Structure formats: C-alpha cells, structure tokens
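S.K.: Quick one: the structure is below, and I'll ask about it shortly.
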Amino acid sequence: MLQAAVELFAEQGSRVSLMEIGRRSGFSHGLVLARFGSKAELIRTVTKAIQKDFARTVAASAENKKGLAALTATIDAFFRQHESRRIMGRAFVVLLGEAVGPNTEIREVFVAADQAFRDFVARSLNDAKTLREIDDDVPSDAVAVVIVGTLRGIALQLAVGAGGLDMAAVRAQTHAMVRALLTAAPPTGARR
C-alpha cells in the first residue's frame, strides 16, 4: 500500500484518491482508509518513510563520520538519491511543492521534515566546530538553512525536468559553495 501511495503521489501529488491507491496496491480504498485513518495521515506516513529512507542512505554514507566529513557524505547521499531518479525522492519533492499551497496538513509535515534536516546539518556543523574544522563564528543555524535550501532547490529543478544538467559539476559546485560558506567572513552589517 505504501509503495502504491509513493508512486501515485509522485505521479499526481496529493490529489490522488484513496480509491486509486487501493486499486494500485490491490486492496480496497476502505482498507487503505482503515490502515491510515485519513489521507493526511497517509501523507505523513509516506513523508516519514521517505525521510527514513534518506536517513538510511545518509547513515550508510556517513557511518562513523563527524563534522565536515558527515556533511560531505550527506550532500553526496542527496545527489546519489536524486541522480538515480528514485521514486521516493520524486514523491517527496511533489508533496513539498504542495506544502507551499493552502493545504495546512501537508505544510505541517514539511515544516517538521525541513526542521529535522536543518537540525541534522547544524549538528554536523557544530561537530565541525568541536573538531576545529571550522571557526566558532560560523552561524550553524543560518548556514544549515542555506545548505538545505540549496539542496531542496536542486531537487525541485530535477523534478521539473532540468534534464541535460552536468550533475557531477552541480555536485562539485555545491561542495565548493559549502566550503566558501564555512570560510568566508559574514558580510558587513550581517546579523549573527
């Protein structure tokens, strides 16, 4: 059922019906409703499953790594996941796009998802400070917003069909941008 929901969310977004999900999974829509309770709960479940899948990918890449090594592994895992055109990543991006619309239930799910991603990146940056890989003045929370925003923006471009991109170059430039963020002094007048 969950796989059918992921596929249909990737194809149609949240407008897909529970009946269609039931049909695709070989069950009745009543069973889908009984298992998840509502479409909003199904969206929450799908989003959490996608996050767990990404977290497993990151954990495998960043195993026993801290600080900048963990951050680098996270960025690389992100690119691997999106370069492979995995259906879970596509479903996540489609629903993320809907999160800026009027559906507050979807928005709440993605507010939490993005906060968790920013927190993970900020923890990696704080670990890098502890390891003396970056200066203590680097604003971890602000840099985390920039990194997550960059990665989400790349995912959105891929989802809308930005084919023909040299993804190796995009990945290399993302790493270069992150290094620059971590070494450059904040602009004059910037608040910390």
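What follows is calculated from the coordinates using simple rules that are stated; it is not laboratory data. These numbers come from a predicted model, not from an experiment. Note that each Cβ is placed from the backbone with ideal geometry, even for glycine, and that neighbours are counted across all protein chains shown.
S.K.: If you fit an axis through the alpha-carbon atoms of helix 2-12 and take the longest principal axis of the Cα set of the chain, what angle between them do you get, 0 to 90°, nearest 10?
M.R.: Around 80 degrees separate the two axes.
S.K.: Still on this structure, I have one more. Tell me the label only: which of [x] 57, 34, 33; [y] 60, 43, 22; [z] 49, 40, 32 is Cα extents along the principal axes in Å as calculated from this structure?
M.R.: Of the listed options [x] 57, 34, 33; [y] 60, 43, 22; [z] 49, 40, 32, [x] comes from this structure.
S.K.: Between the stretch 1-36 and the stretch 72-137, what is the separation of their alpha carbon centroids in Å?
M.R.: 25 Å
S.K.: Along Cα→Cβ, 7 Å out, is where each label goes; now give me the distance between the ones at Asp119 and Leu2 in nm to one decimal.
M.R.: In this crude spin-label approximation the distance works out to 2.0 nm.
S.K.: Under unit Cβ charges (Lys, Arg +1; Asp, Glu -1), what dipole magnitude, rounded to 20 debye, does the stretch 40-183 have relative to its Cα centre?
M.R.: Approximately 380 debye in magnitude.
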